[in-house]
1. For L47, state whether it is modelled with pLDDT under 95 and either touching a Gly at 6+ places or on another chain (Cβ under 7 Å) or not assigned by TED's automatic domain parsing to the domain that holds T127 (or both).
2. Mind counting the residues in segment 68-103 that are modelled with pLDDT of 95 or more, part of a strand (DSSP E or B) and more than 14 Å from the chain's Cα centre (by Cα)?
3. If you go through segment 132-142 one residue at a time, do you hit one that is assigned to a loop (DSSP other than H, G, I, E, B) and of a type in the set (S, T, N, Q)?
4. Being touching a residue at least 40 places away in the same chain (Cβ under 8 Å) and more than 13 Å from the chain's Cα centre (by Cα) is the filter here; which residues of segment 113-139 pass it?
5. Considering every residue within segment 86-104, establish whether at least one is among the small types (G, A, S), more than 22 Å from A135 (Cα to Cα), in the same structural domain as T44 (by TED's automatic domain parsing) and in contact with a strand residue (DSSP E or B) (Cβ under 6 Å, 6 or more places away or on another chain).
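The values are calculated or read from the model by the stated rules, or taken from the named source; none is laboratory data. Quantities reported herein were computed from a predicted structural model and do not represent experimental measurements. Don't worry about glycine lacking a Cβ; one is built from the backbone with ideal geometry, like all the others, and counts go over all protein chains shown.
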Amino acid sequence: MTAEQPRTKRRWVWVAAASSVLVLGVAATLYFSLRETTMTVSGTIALTDGVTEYTEVGDCMGHEGYDDIGPGAQVTITGNTGTVLAAGQLGAGRQDGDAYSCLFDFDVADVPTGHGPYQVEVSHRGTIAFTEDQATGIALTLG
C-alpha cells in the first residue's frame with residue numbers, strides 16, 4: 001500500500017459524507033416546502049329573525065324556518081374549485097347584547113392554505129366568500 005492510497009481513501013470518505021449531508025438537506029427542504037399548511041377559520045353568525053326565547057342562562061337557537069340554525073349545525077369551508085376542504089359546527093347560541101338576536105361562534109380547523117378564495121356555508125344557507133387574510137373574525141348575519 002502506498003502513502004497515497006490512505007489519503008485517497010479518506011478523501012472519498014469525506015466526499016461521501018458531504019454528499020449524504022447535501023442529499024439530506026435537499027430532502028428536508030423539499031419535505032417542508034411541499035408539506036401543506038393549514039389554518040383555522042373562525043367567526044360568528046347572528047340570527048336576527050326566528051329566534052327562540054332565551055333561557056335563564058341566555059341560550060338560544062333558531063325556529064320558525066330557522067330550525068336548522070343551532071348548536072351543532074354544520075359549517076363547511078370550500079376552496080376555489082368548490083371542493084369541501086373542512087367542516088365544523090356551530091357552538092351554543094347566546095343573546096347578542098341587548099339585541100333580540102342569537103349569536104353562534106364557529107371554528108373550523110385544518111383548512112388547507114393556498115386554495116382561496118374560500119367560501120363558508122352554515123347549514124344550507126348559501127355561501128359567503130372570504131380570503132385567507134379574512135379567515136379569522138368572519139361575521140355573518142341571517143334573518
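1. Details: modelled with pLDDT under 95: yes; either touching a Gly at 6+ places or on another chain (Cβ under 7 Å) or not assigned by TED's automatic domain parsing to the domain that holds T127 (or both): yes.
Taking the combined requirement at face value, the residue satisfies it.
2. 2
3. At the first step, the residues of segment 132-142 found to be assigned to a loop (DSSP other than H, G, I, E, B) are 135.
Among the residues that remain, those that are also of a type in the set (S, T, N, Q) are: none.
No, the conditions are met nowhere in segment 132-142.
4. E121, V122, S123, H124, R125, T127, A139 - these are the residues of segment 113-139 that are touching a residue at least 40 places away in the same chain (Cβ under 8 Å) and more than 13 Å from the chain's Cα centre (by Cα).
5. The first filter runs over segment 86-104 and keeps only residues among the small types (G, A, S), leaving 86-88, 91-93, 97, 99, 101.
Among the residues that remain, those that are also more than 22 Å from A135 (Cα to Cα) are: 97, 99, 101.
Next, from what is left, pick out any that are in the same structural domain as T44 (by TED's automatic domain parsing): 97, 99, 101.
Now drop any that are not in contact with a strand residue (DSSP E or B) (Cβ under 6 Å, 6 or more places away or on another chain), which leaves 101.
So far as segment 86-104 goes, yes, one or more of its residues are among the small types (G, A, S), more than 22 Å from A135 (Cα to Cα), in the same structural domain as T44 (by TED's automatic domain parsing) and in contact with a strand residue (DSSP E or B) (Cβ under 6 Å, 6 or more places away or on another chain).
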